[in-house]
Amino acid sequence: MKKAANNKIQSIVRACRIILRMIEADPNTRHSQKMYYRMLLQYYTRLRDARENGQFIAAHTVFFPAEILLAMDIIPMHTETTTWMTSLFTGECGDILAAGARLGMATEICAPHRGMAGAFASGALPRPDVMVWSNMVCDNTAKSGELVMDICGCPGFFIDRPFKDSGLEKTYMAGEIRDMIAFLEDKSGKKMDYDRLSTIVERMDRQIELTRQVNELRKNVPTPFSPLGFLELLTIDYLFPGQPESIEYLETLKAELEEMVKQKKGAIPKERFRLMTLFIPPMYLMSFLEKLSVESGAVSVIEPFFTFWGEGRLDASRPVEAVVEKAYMIPETRMYGPLGESALEAIKKCAREWKVDGAVYYADVGCRHSCATIKLFKDALAEVDVPVLTIDCDVVDQTVTSEEEVRDKMERFFELLEDR
Amino acid sequence: MYDHQNKHNSQPRYTPLKTLEVFKAVNRSFPHTDEINHIHDQGGKVFGWLCTYVPEEILHAAGILPVRITGYDRETDLDDGNAYLYMNNCSFSRSCLQMGLTKEYAFLDGVVGGSTCDGARRLFDLWRQYIGTPFHHVLTVPRKYTENAHSLYLAEVEMFKTHLEDHLEIKITDEELMGSIELYNQTRSLLRELYNHRKKPNPPISGSEVMEVLDACFRMPKESFNHHLKKLLQELDGSQNAYSGRARLMLSGSVLANPDFISSIEQQGGLVVADELCTSTRYWGDMVEVQPGEPPLKALARRYLNNYPCARMFPSEERFRRIIETAREFKVDGVISEIIRYCVPYSHDLPLLTKRLADINIPVLSIDLEYGSSGSGQIATRVQAFLEMIEAKK
């Protein structure tokens, strides 16, 4: 498996190793960033070798409660992130998107999901033992599991996360999680270790708290965290929820940022524009965007739907209920339920408290539920005098936009901000 | 009628169905129909609903006229809809919102939606934010059929009823609910009779004509709809009309309300005899069956969750099973899957549905289109090729 020419996991492992070698040799790189890449390398190496090591692999979609899998000693394979990482590290997802198209998947379907199906169909990802997924946070996640089951010939379980947040709905979701645990026990032959789950939940609570503290530090002017560093926060929640590595990473990052604040040092030489990022930038443009940020003095200081966690704590004494609670606290799930005043207020609060000059909305053409909020969010941000730049793009598909187009739009936006 | 001799846009030889004109008149004037205007002018309440998972009977039992919010029945500029919902939401949502923003639905006293798909829930969000209808309610609709899912949905339906009662300052009694269930079940039985005509080798009514009936069904008070549908059925019983075609076809997929699209298929010689759409069988497919001693709300909730499923439901095999059952019942030779661009649930299902239908030797033609489309030259060419392929297989 790991020697297959088109093995995306192996490609990610190789790219991670190269990056790690480079940044470890660089004395200016944050220690936490080195830790982050080590974590990525660890995640994908473990996944790459899982089959040979006789481990049970569960493929899962974004926001799926991977805490359950980790508590059962099951190897998780975060499918969308793997597609993103393929784009980020190899700069190219065309082959797996084409394989998705050959399955009959329409181009309107979210590219990470098309890529994921294509990757399984073409053998670019290891065959999972089970597919587990949920409807968090869109129709694409809700609908992607059954095709993977069909392609891989594996059983699957779908968790139905209700739309609203009443007690009844949370009880329903807890029932779903319990049914899924029974399914996993049956298919894997492993028993759920509830003590271990409690420990993971306890750490997840700490992880959320640390993320909040990191965000507090980002309020400083100049902000101490790198322009697109928020993707690290996002990824560790996706891949390492409630894991000791996440706590260690966040504590290190927090200490680094505290030190920078003490020294009144910003993440970039000259901070000019404090940005709010809405949705995810194209992965294949990340190096370019980092460079542009430094050149322009533009830095993302807050991401209401990615790093700005909802209020609340996780109760480790009721771990299943805590996993449900987390499903309602995840920043992006604020976009899943009815989009009322509270979601709009959260954006305005972020804009005010993080002293945001402008917002950049990465309008992913495959993401219907997010793009349909652009007008709502623009109007909400206009109330606090924050202009919004919308960039049509795709998180992994390179055919939608180009570096030149993004540069042009960004530069015009920065001119507009400067004029203000 | 749509035989080889007549296929190239010639006038079909048949006697026009008089009652159909009533339905066509409603559809032409919607949303400003005489009945809606009259009810509104008399101070009656008219509510719009956005998805087939909203139990209409509750609105009816509250003395409200429920009408389905649909978009333009043609392709048209959706500038406001595009600006508010963005281009990558389905044109059904954008078309509905456009009509809302341009005050076409200003008469509505309330809007009820369900958490059914991304397009529907965002349409509801934007409607609530920008259109200003006085009452809004969105139901959580589980995606499963489990016992827990049924309990949750029943609770949601109960909450909806309570919200409505509080808003209108009324009580909806079980007797009123039973009366509405009976009326709506009558509609379903009558539509079943209409569809039985379509099972005939030479049906007396075309697919596009049936679409006119279905559109009117969610735009008229059920009392008058049932009255006219009974008359239409009597007409059909005595009708000499007998449609034939090169192949018996079933339509499957996204919301569709434009009869001209079906006409465009029929003009190529396709005989559209069955459908699996939320404006057709997925709307009226199953009866509400109230068990002795059972609260009517429970029976309603059960029916709406178990009804002929939308692609949003899990497992999808249940939808595939029902499609195969319908295809066999109506002896179809091929399925035309019509999917509105950016209608993700149906797009995801298509590869698996195509496989399942191939297993029983039913080919699928997949067409992407915009809501309101009346067909195009390209679609006509593809339908022709599909019909030729089916004929070659026979």
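Can you work out the FRET efficiency for the pair A:Arg178 and B:Tyr130, with r the C-beta to C-beta distance and R0 = 41 Å, to the nearest 0.05? Each step should come with its number before you reach the end.
Numbers: r = 41 Å, r/R0 = 0.99.
With a Förster radius of 41 Å, E is 0.50.
Computed from Cα atoms, the angle from the helix B:207-217 axis to the main principal axis of chain B rounds to 10 degrees.
Over the residues of chain A, the helix contribution to mean residue ellipticity at 222 nm works out to -17500 deg cm²/dmol, using -39500 (n - 2.57) for each DSSP H run of at least 4. In degrees, nearest 10, range 0 to 90: what is the angle between the Cα axis of helix B:377-393 and the longest Cα principal axis of chain B? Around 60 degrees separate the two axes. Other protein chain C-beta atoms within 10 Å of residue C-beta, averaged over B:114-122: 6. Over the C-alpha trace of the protein assembly as shown, radius of gyration and Dmax come out as 27.6, 92 angstrom.
Give me the Kirkwood hydrodynamic radius of chain B, using the inverse of the mean 1/r over all pairs of distinct Cα atoms, in Å to one decimal. Please report the intermediate quantities before stating the final value.
On the way: mean 1/r = 0.0467 Å⁻¹.
Hydrodynamic radius (Kirkwood, Cα only) of chain B equals 21.4 Å.
Quantify how strongly other chains surround peptide A:100-108 by giving the mean number of their Cβ atoms within 10 Å of each of its Cβ atoms. Let's see the in-between values first.
Values: counts 1, 0, 1, 3, 9, 4, 12, 3, 10.
That average works out to 5.
Using the Karplus relation 6.51 cos²θ - 1.76 cosθ + 1.60 with θ = phi - 60°, the per-residue 3J(HN,Hα) values for segment A:300-306 come to 6, 9, 7, 9, x, 10, 10 Hz, with x marking Gly and Pro. Globularity index of segment A:239-344 is 1.31 (Cα radius of gyration / 2.2 N^0.38 Å, N = number of residues). Partner shielding of B:343-355 amounts to 6, given as the average count of beta-carbon atoms from other chains within 10 Å of each residue beta-carbon.
For the residue pairs B:Lys222/B:Lys298; A:Lys164/A:Lys348; A:Lys143/A:Lys254; A:Lys8/A:Lys143, alpha carbon separations beyond 26 Å are given by A:Lys143/A:Lys254. Computed from phi, the 3J(HN,Hα) profile of segment A:92-102 under the Karplus parametrisation 6.51, -1.76, 1.60 (θ = phi - 60°) reads 8, 10, x, 5, 6, 5, 5, 5, x, 4, 5 Hz, with x in place of Gly and Pro. Only aspartates and glutamates eight or more places from B:Lys230 in sequence, or on another chain, were considered; those with a Cα closer than 13 Å are B:Glu193.
Distant-in-sequence amide contacts of A:Thr223, defined by a placed amide H-H separation under 5 Å and a gap of 5 or more residues or a different chain, comprise A:Ala267. With the helix formula -39500 (n - 2.57) applied to DSSP H stretches of n ≥ 4, chain B reaches a computed 222 nm mean residue ellipticity of -16000 deg cm²/dmol. Residues whose amide H falls under 5 Å from that of A:Asp392, counting only those 5 or more places apart or on a different chain, are A:Ala363, with hydrogens built in the peptide plane. Database remark: amide H of B:Phe47 closer than 5 angstrom to the amide H of B:Leu65, B:Val67, B:Asp109 (H placed geometrically; neighbours at sequence offset of 5 or more, or on other chains; Pro and chain starts carry no H). Could you tell me what percent of the DSSP beta bridges with both partners in segment B:23-176 are antiparallel, to the nearest 5? Looking only at bridges with both residues in segment B:23-176, the antiparallel portion is about 0 percent.
Using only alpha carbons, segment A:59-182 has a radius of gyration to Kirkwood radius ratio (Rg to Rh) of 0.99. Relative to the longest principal axis of the Cα atoms of chain B, the long axis of helix B:344-359 lies at roughly 40 degrees. Pairs of Lys residues in segment B:23-176 that lie 8 or more places apart, or on two chains, and have C-alpha atoms under 18 angstrom apart add up to 4.
Backbone phi angles across segment B:220-233, fed through the Karplus curve with coefficients 6.51, -1.76 and 1.60 (θ = phi - 60°), yield HN-Hα couplings of 10, x, 4, 4, 6, 4, 4, 4, 6, 5, 4, 5, 5, 5 Hz in residue order; Gly and Pro are listed as x.
Hey, what's the per residue convex hull volume over the C-alpha atoms of chain A, in cubic angstrom?
Details: hull volume 53.7 nm³, N = 420.
Residue-normalised Cα hull volume stands at 128 Å³.
Read the figures in this text as sums done on the coordinates, not as results from a lab. These numbers were taken from a predicted model, which means no experiment stands behind them. Virtual Cβ from ideal backbone geometry, glycine too; neighbours counted across all protein chains shown.
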